[in-house]
1. Calculate for chain C the 222 nm mean residue ellipticity that helices alone would give, adding -39,500 (n - 2.57) per DSSP H run of length 4 or more and normalising by residue count, nearest 500 deg cm²/dmol.
2. Which of the trypsin sites (Lys or Arg not before Pro) across segment D:57-95 are loop residues per DSSP, with 15 or fewer other Cβ within 10 Å?
3. Which FRET efficiency value, to the nearest 0.05, do you get for B:PHE87 and C:THR325 by plugging their Cβ-Cβ distance into 1/(1 + (r/R0)^6) with R0 = 41 Å?
4. Work out the length of the dipole vector of chain D about its Cα centre, built from +1 on the beta-carbon of each Lys and Arg and -1 on the beta-carbon of each Asp and Glu, and round it to the nearest 20 debye.
5. Tell me which residues come under 5 Å, amide H to amide H, from C:ARG63 once H is placed; ignore anything under 5 positions away on its chain.
6. Quick one: longest stretch of chain A between exposed loop trypsin sites (Lys or Arg not before Pro), exposed meaning at most 11 other C-beta atoms within 10 Å and loop per DSSP?
7. Given R₀ = 60 Å, FRET efficiency for A:GLN41-D:ASP295 by Cβ-Cβ distance, to 0.05?
8. On alpha-carbon atoms, Rg over Rh for segment D:204-260 using Kirkwood Rh?
Amino acid sequence: MTNEELKIKLTELLPSATFEEGGEWVNLSVAPAEWKPFAQQLRSVDGLAFDFLFCVTCVDWKTHLTIVYHLTSTIHRHSIVVKSKLDRAKAEIETVCDIWRTAEFHEREQAELFGVNFLNHPDLRKLILTDDFEGFPLRKDFEDPINMIKL
Amino acid sequence: MSAIQYIKDIYNAVKSLLIGMKQTGYYFTHHKEIITQNYPEEKQQLAERFRGEVVLTHDSNNEHKCTGCTACELACPNGTIKIVTKFELTPEGKKKKAIDKFVYHLELCTMCNLCIVACPTDAIKMDQAFEHSVFDRSQLTKVLNKPGSKIMEGVE
Amino acid sequence: MLEEVSAVDQGDMIINIGPQHPSTHGVLQLVVTLNGETIKKVEPHLGFIHRSIEKMCESLTYRQFIYVTSRMDYLSSHINNHGCALCVEKGMQIEIPDRAKVIRVLMDELTRIASHELWWGAMAMDLGAFTPFFLSFRERETITDIMEDTCGARLTMNYIVPGGVMAELHPDFQKKVKAFIKLFREKADQYNELVTGNIIFQSRMKNVGVLSKEDAISYGCTGPTARGSGVNCDIRKLYPYEIYDQLKFDEVIETGCDSFSRYLVRVKEMYQSISIIEQLIDNIPEGDFQAKTKAVLKLPKGEFYTRVETARGELGVYIVSEGATTPYRIKFRSPGFSNLSALNHMAKGGKIGDLVAMMGTLDLVIPDIDR
Amino acid sequence: MWSLGNIAHSIDVWLNQTFSPALALLIEFVIVGTMAISLFAVLGLVLVFMERKVSAYMQIRVGPNRVGPKGMFQTFADTIKLLLKEGLTPTGSDKFLFNLAPVIAIISAMLLLAPIAFAKDFQMWDLNIGVLYVSAISSVAVISILMAGWSSNNKYSLLGAMRSGAQIVSYELSAGLSILAIIVLVGSLKMTDIVASQETGWWLFKGHIPALIAFVIFIIAATAETNRAPFDLAEAESELTAGFHTEYSGMRFALFFLAEYVNIFIVCAIGATLFLGGWMPFHIGQWTAFNHVMDFIPSSLWFFGKTFFLIFLIMWFRWTFPRLRVDQLLNLEWKYLLPISMFNLLLATAIAILGWHF
């Protein structure tokens, strides 16, 4: 499916989604509350069949966090980027690790590095950092006076 | 499992094991295949481009080409290089910027070659020395310009 | 911790494999729940070599950050550098000379062979045969010597830079690569006799660590790990970069879904890489090795994502730029991280010996996972 | 003619003439004990060096080459290092068993030296159930491994010990059955009888197919019983770090190490005695001239030559093959080796009864 067709199809599924121009892939933003049901549709709707979640990441925009999901379909070979704005103080979004199992690890990583709380995640312990680590290192305001070297 | 299959399995298994033993047996009997070297005694000639450490090249008159432009300092991702400049009086009586100390922190260097690429006058280059271990970390901080050295004529 | 213990049945044993363990090839900790010799659960604990490369890169310029990526997947450092350089070039819209493209591909494929050679030896050593490790190092050394001649380093290259490559090829490059191809063709068949055909190897790997095609996709596996399960996911074929679309090579796919098919994929990939090198080695176009670029690179505002096929799978580089000289946010989607997440699923019901075979065929490089 | 047997005999005669019989016996005990211990030490040094060299050449390396000429004294240096190292006892371990285990390992290895005929008329104790004695004592070794694994209070050690227990107990069966095939052909358990029966030819050649099969099975079982690769599941360093001796260090580790190598020597000596004629020179039927030349080579050389050939074979296995998984190991024993060796025993019995062997 071309990007234009994808856009039409995705608007049908979720009219409230907003599209961003530019980039090689379709970029769309969804509200955090709408994400989980939308994700299920992305996975299961025939023409879309996004079965491969290859990247989950988060960007700290200082005012808010944006969580970014890169999805592709191994059948139709089309890709989309789904973004969702999260509140910085109370970053919460539903987990998708029951839809794409790779999300389990990626979400754990983003949870500890950005402080995003993935609701209903089976095991949201710290994966990379030590259990007693304070703070979210990849946020822009994170300061570690001991280990960070400023150039 | 039929009896024939059973015997066949054993035959194939033994055959594959013997083929494997033939390979190791070959290396056991052919000592010319040995590729290791007695390291401290026989040292391999390292490649010309091998990045061991940064050196400031000096010619026979104890002159170097560094103008103190700090391009390498800016290019370095780790803050390995610190250039301390001073002002010298040229014979004509003008003040001219020159390096006082070219400080190189070998312990921070990752041999990424970015400083060499950045240098506009080809003053610094990579040396092939690789045996850098010392007992004290402070010995790894080096001053690259030799005492009394000055900038080469004509290098701007 | 308390709930964890109570979740385990009576008579089960929890052992820590790692962070210092011979078969994890680095500092990876696996907390394994065992019932006798049978594995009930594998829980990876990462982060022993986490250096927060993503955070570091935020303070480095677009020229500087590439060297850090050599230290992620240190066995395919060229390809990591390549991915980052591609992403920067995509943002800056730099067109690189043909010669640089060919050199990049040649280096990538040599790196892939070197990485697979090391994996092959380490895999055999994990299963208890020591000799292949030393044999594989012989070919790998030949490649690192070639790399050393041209790039000046043996492991962390930093040779591929935005705009092309850092330096001209060494005059002996073609001669040495041809000698290597000859050596490889000579020895690889011997090694197949020693290892691939061996009945003990085969029985250790067949039907071990079964990962079905659906699971492989769902767990986000890429590279040889997924191709061993019949997923065609070779970025070089699907989303060709540089000159891969002009080259003749096959995407190696095995459908056995077990450790042995993952093993075969990697072994066959080495032959494919050799054939790519053979196609290119005599046809390196003349010209510049680097495009003219500005001294200070500034990516326009926006988001850029590129992917390359490393020896372990798909490396994604995601740069969010605010128009400054440093990236605003950079994310490396490392292949090992996703591949590792499938380990628990694969290992259930296997023996401890199987765990070693599975980790071997996942080809884990710990800095790649932790970043 | 000069031979070890003659020397031993003349010493015995001289001692008995000089001292009272009881004192002479005591002195002989001391001499034999000292010789056994020194043989132990020498074997340890030689075999470790041999293993390192063999592995090095198979792995396109040079191996130890710094200490002494061609690295001959490398193992001495290693031994000194091990002697000087602190022997750690982990807290939480069963200290008594932990310290006892390596001693048992070394004692069981030492006891096994008794019935081996090193040369013509040169043997510590020619007891009439020699082979039975060997298989009985060699089973004691497994106790030391179990003890070490249990008392270390380490899960890796425990797993290694349990694997080793299952492995040695199973492989004892096929080792025993393959030995039995030769016993049936000889008709005696006594070592001297077994060697004497091979004067006209070694059992490997004159025992037809059963002897050949028994030999192959014996080598496999011997490798397994000594916990050598491809059956080194008790150690399995890529799985269990070091298996049952994970917690051992210093001299106690060295004792395990030594026991392993001496055990290899012993099983290979038994193999050489049963299948390759022990100290008996290589004879071919009626070629008297050839046989005469062969007789000139001292019998001890024949024995050690054959034994070291078998040791080399076992080392060759180790540096070629990967390790088996634990269930495959037991499958190999119970599905392949045991049925074959039972069938083989039947065949050997038939041949012995019909008198088809030479």
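Here, each number is a calculation from the coordinates, and none is a lab measurement. These numbers were taken from a predicted model, which means no experiment stands behind them. A quick note on method: Cβ atoms are made from the backbone with ideal geometry, for glycine too, and the neighbour counts reach across all protein chains shown.
1. One gets -14000 deg cm²/dmol as the mean residue ellipticity at 222 nm.
2. Answer in residue order: D:ARG66, D:LYS85.
3. 0.85
4. Dipole of chain D, to the nearest 20 debye: 780 debye.
5. C:LEU297
6. A:1-61
7. After rounding, the FRET efficiency stands at 0.05.
8. Taking Rg over the Kirkwood Rh, I get 1.20.
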